[in-house]
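The values are calculated or read from the model by the stated rules, or taken from the named source; none is laboratory data. Because the structure is predicted, anything quoted here is derived from the model rather than measured. All Cβ positions, glycine included, derive from the backbone under ideal geometry; neighbour counts span all protein chains shown.
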Amino acid sequence: LVENRVREVKIFRNGITSSPTYEQSEKLSSFCIYSSIQSTNIENMRRAGIISIERQLEAKRDQNSQSISQAFQDLTPLITMAKDMVSLAKQITGEISKKKGAITEDEAVQLKAHLLSLGIEEPVTRENVESSSSYFSKLSEECIAVLSDPVSKSGGMLTLFDAYVRVNRARGFDLISPSDFFRACKLINNSSTSPIRMVTLRSQLRVLVNKDYEPSKLKTVIVNLIEENGSLTAEQLSQKRQIPMLLAKELLLDAEDDGLLCRDETIEGICFFPNLFLTNIP
């Protein structure tokens, strides 16, 4: 009886291990273990990749920080040299005033022009004035001194944008804001001795002009210039009058609104002609 049961158990075991279901379950179990290991490896690779990217970004940030620090260190001697140049400019200006007879007038003018290219000797700042009104008053005087010559050399007209760039370039490191500059330009018209003033064109474009500026005279000059050349574009007028093209276009459109000019629109742009109806009316 015992031998029969042992034989039955062996047959049962052999039947299980040799059955297709058992083999499939074994394969599925080994596949699950392999898949688990593979997914773990992929996750580890992903983590390693993210860590590597983070390290690269951190190294790049450190490099940028070092570059910025080095740049500011390089600016320190430059600022010191700029102060030395200002001191030298003051010294040369003092020598010019002392030795007026020792150098010719042309040499003095040329030397002052070189000093002006170095920038303003003592820019007006809020720290070295008593009040806000005094600051804007002195800033207005500074703008007059810096911009009078550029306005004359720019055909008697200079946009506020170009004027703002010139003033800040002359001030060096003591830059002013656009609002402060605009407020100072408004005060220019209050000065009786200023050779320039601020005007607003019909398109609301604000410009600095010579004190003797008259819109009617300027329009007459433009019309005569167009009559001499037959026609002009904004670019051509800009070259002939030595003014920005934006300003040249504004002047042409203004003269057209007054009926002094006619336009011809082509693929090359807008070309302006004299209004012959004004001269040929019987």
message: Could you go through segment 265-279 and let me know if any residue there is surrounded by 15 or more Cβ atoms within 10 Å (Cβ to Cβ), assigned to a helix (DSSP H, G or I) and over 32 Å from the mean Cα position of the chain (by Cα).
response: no
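Please determine, by comparing only the residues of segment 198-209 that are under 29 Å from Lys138 (Cα atoms) and in contact with a helix residue (DSSP H, G or I) (Cβ under 6 Å, 6 or more places away or on another chain), which one is surrounded by the most Cβ atoms within 10 Å (Cβ to Cβ).
Looking only at segment 198-209, we keep the residues that are under 29 Å from Lys138 (Cα atoms), and these are 198-201, 204-209.
From what's left, in contact with a helix residue (DSSP H, G or I) (Cβ under 6 Å, 6 or more places away or on another chain): 198, 201, 205-206, 208.
Numbers: Met198: 19, Leu201: 17, Leu205: 15, Arg206: 15, Leu208: 25.
Residue satisfying both the conditions and the ranking: Leu208.
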query: Would you call Ser177 surrounded by fewer than 16 Cβ atoms within 10 Å (Cβ to Cβ) and either aliphatic (A, V, I, L, M) or within 20 Å of the chain's Cα centre (by Cα) (or both)?
result: yes
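Out of curiosity, is Ala255 surrounded by 14 or more Cβ atoms within 10 Å (Cβ to Cβ), under 18 Å from Glu268 (Cα atoms) and hydrophobic (A, V, I, L, M, F, W, C)?
Details: surrounded by 14 or more Cβ atoms within 10 Å (Cβ to Cβ): yes; under 18 Å from Glu268 (Cα atoms): no; hydrophobic (A, V, I, L, M, F, W, C): yes.
Taking the combined requirement at face value, the residue does not satisfy it.
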query: Failed condition for Asp162, given (1) in the same structural domain as Cys271 (by TED's automatic domain parsing); (2) in contact (Cβ under 8 Å) with a residue 24 or more places away in the chain, with all others met?
result: (1)
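If you check Glu228, Glu214, Glu235, which single one turns out to be exposed (fewer than 15 other Cβ atoms within 10 Å of the Cβ) and in contact (Cβ under 8 Å) with a residue 24 or more places away in the chain? Before the answer, list the steps.
Numbers: Glu228 fails: in contact (Cβ under 8 Å) with a residue 24 or more places away in the chain; Glu214 fails: in contact (Cβ under 8 Å) with a residue 24 or more places away in the chain.
Within the list Glu228, Glu214, Glu235, the selection yields Glu235.
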- request: Could you figure out which of (1) free of Cβ contacts under 8 Å to residues at least 24 places away in the same chain; (2) surrounded by fewer than 19 Cβ atoms within 10 Å (Cβ to Cβ) isn't true of Lys249?
  value: (2)
